[in-house]
Amino acid sequence: MRSLRRRLEVGCRVGAFALLGWLLGTSIFPSPQRVVERASATDLTSRLQSWTRMPTSVALHAALEAAPSPTATAWLAALRHAGHPVSWSGSPTPAVVVAEPIVDPSGGVRVSVAAPANSRVMLADAAGAIDSAGVTCLGASFAVPLSVDSLFVRANQQPMSVAQPFAVAPRAVLVVGDAGWEGKFVAGALEERGWKVVTRFSVAPGVDVRAAVQPQIDTAHFSAIVAIDSSVGALGTAVRRFVEQGGGLILAGASAKAVTVSPLAAGSVGTRVRRNVAAMDTIGLGTTGYFPVATVRDDAVAIERRAAGVAIAARRVAAGRVLQIGYDDSWRWRMAGGPGSEAAHRDWWSRVVSSVAYAPNIGVNQAKTFDAPVAALFGRLGPPRPAPLAPHPALDPRFLLAIMFALLLIEWTSRRLRGLR
């Protein structure tokens, strides 16, 4: 019993002196108390000014459902550069938006959005909502013929904005081929859409029907060349120089077989696919057959696939773009198609030419036509991290003094009970 009391007395004495030493040490060398300030996506903008006035020992954390504006992101990066521990958490939708002018006589803007599958994308301008789409694979694309001021895009909860790009000035389109229905209706469709068309039709070996004065084949005069058939080979190396300068080339039907343009094609030309069509059938694009792209080059991309093979493929050659199309009798679609086939034929050929046409910008666009807020957030602040843990509240020194006196009182009582002072 006496040994137990002695151990109790020694323990109380050691505990009391340990508390006394800890109190003395913390009074001489106080430990820094880390403060954590938190903000959500809704009040982040309003908190930035107050955060700027705080000492650098304060840790700053933002819980974000969507990446903030470029100004807020840059502000947070500046606070980190000034010495603040800055972090963020959340899972904003990784999305990118790009606005490009449509190379078309009627103008317009193409808005392309990259977002995860199953995302919902909404497009608007200063006047209100324009369109919306659901993402099934890689993203969504909108053709906007007319817009007011800037364009605003929302992918799920992630807002983005881009300015209208400057308009472009498309130049003439050169249509080359043997005299026939396809060349006639392709040239007519483009002229109806507003394109300036220059034709060069061959009626016999070495005999062409063309304008008395035909411009030189270069990007100063033409935006694109449409080759209806292999007679494009008569242009020689001028086509290759034109494409390397940035011009667009469309190889329709079997035109890619021409020796001078086959190195530019997206692939080799296969055997024509023929289909049985009754006299009363409604004709659509490719209904009567087409020349498939038999072997697509490694640097080419298949654009449209059908049961018999690739119908459309694209390739970039130097600064220009080449589009190989297997369809060689689209005029039948225009003449024997269903209701609206004439307008559909006209719009389809205009889109095809627009996809490869060269057109310089009118002026220099200084506005922002690209926005990737989540990528900017990662680039400025790094990946998301959990919020720093808030420090535990410091113990009240009065409470520690009370424990110390209690231990000393227990030791004194035990000694008195044993008859000691």
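The values are calculated or read from the model by the stated rules, or taken from the named source; none is laboratory data. Since the structure is predicted, the reported quantities are computational estimates derived from the model, not experimental observations. Reconstructed Cβ throughout: ideal geometry from the backbone, glycine too, with neighbour counts over all protein chains shown. Keep in mind that these areas ignore ligands, DNA and RNA; they rest on the heavy atoms of the full protein, side chains included. Shrake-Rupley method; radii C 1.70, N 1.55, O 1.52, S 1.80 Å.
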*If a residue has to be within 9 Å of VAL109 (Cβ to Cβ), in a loop (DSSP other than H, G, I, E, B) and not hydroxyl-bearing (Ser, Thr, Tyr) to count, how many in segment 147-166 make the cut?*
2
*Does PHE142 satisfy the criteria of being hydrophobic (A, V, I, L, M, F, W, C), over 24 Å from THR369 (Cβ atoms) and open to solvent by less than 60 Å² (accessible area, probe 1.4 Å)?*
no
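Okay, residues lined up against (1) under 23 Å from ALA359 (Cβ atoms); (2) part of a helix (DSSP H, G or I):
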position: VAL173; (1), (2): yes, no
position: VAL176; (1), (2): yes, no
position: GLU182; (1), (2): no, yes
position: PHE185; (1), (2): no, yes
position: GLY188; (1), (2): yes, yes
position: THR199; (1), (2): yes, no
position: PRO215; (1), (2): yes, no
position: ASP218; (1), (2): yes, no
position: ILE225; (1), (2): yes, no
*For segment 330-385, enumerate the residues that are more than 23 Å from the chain's Cα centre (by Cα), surrounded by 18 or more Cβ atoms within 10 Å (Cβ to Cβ) and assigned to a loop (DSSP other than H, G, I, E, B).*
GLY337
_Pairs, first within 14 Å of ALA252 (Cα to Cα) in segment 178-191, second assigned to a helix (DSSP H, G or I) and small (Gly, Ala, Ser), C-beta under 8 Å, six or more apart_ = ASP178/SER231; GLU182/SER330; PHE185/SER330; VAL186/SER330
*If ARG200 passes every condition in (1) modelled with pLDDT under 90; (2) touching a strand residue (DSSP E or B) at 6+ places or on another chain (Cβ under 7 Å) but one, which one does it miss?*
(1)
*Among the residues of segment 183-216 satisfying the criterion of being within 36 Å of the chain's Cα centre (by Cα) and among the basic types (Lys, Arg), which is nearest to TYR327 (Cα to Cα)?*
ARG193
_Enumeration of residues in segment 290-304 that are outside any strand (DSSP E or B) and either more than 29 Å from the chain's Cα centre (by Cα) or within 20 Å of ASP328 (Cα to Cα) (or both)_ = PHE291, PRO292
*Determine which single condition GLN157 fails, assuming it passes every other condition in (1) in contact with a strand residue (DSSP E or B) (Cβ under 8 Å, 6 or more places away or on another chain); (2) under 28 Å from ALA66 (Cβ atoms).*
(1)
*ARG305 versus (1) over 19 Å from ARG274 (Cα atoms); (2) surrounded by fewer than 23 Cβ atoms within 10 Å (Cβ to Cβ): which is the lone unmet condition?*
(1)
*Residue that is under 22 Å from PHE378 (Cβ atoms), among the small types (Gly, Ala, Ser), open to solvent by less than 50 Å² (accessible area, probe 1.4 Å) and at pLDDT 90 or above, where the choices are ALA72, ALA78, ALA82, ALA59*: ALA72
*Looking at ARG321, is it open to solvent by 40 Å² or more (accessible area, probe 1.4 Å), part of a strand (DSSP E or B) and closer than 24 Å to ASP178 by Cα?*
yes
*Determine, yes or no, whether ARG315 is open to solvent by less than 50 Å² (accessible area, probe 1.4 Å), within 19 Å of VAL353 (Cβ to Cβ), basic (Lys, Arg) and within 34 Å of the chain's Cα centre (by Cα).*
yes
*asked:* Among (1) in a helix (DSSP H, G or I); (2) open to solvent by 30 Å² or more (accessible area, probe 1.4 Å), there is one condition VAL232 misses while meeting the rest; what is its number?
replied: (2)
*THR282 passes all but one of (1) within 33 Å of the chain's Cα centre (by Cα); (2) on the phi < 0 side of the Ramachandran plot; (3) part of a loop (DSSP other than H, G, I, E, B); which number fails?*
(1)
*Residue ID - farthest from SER350 (Cα to Cα), chosen from residues in segment 85-101 that are open to solvent by less than 30 Å² (accessible area, probe 1.4 Å) and of a type outside the set (Gly, Ala, Ser)*: VAL86
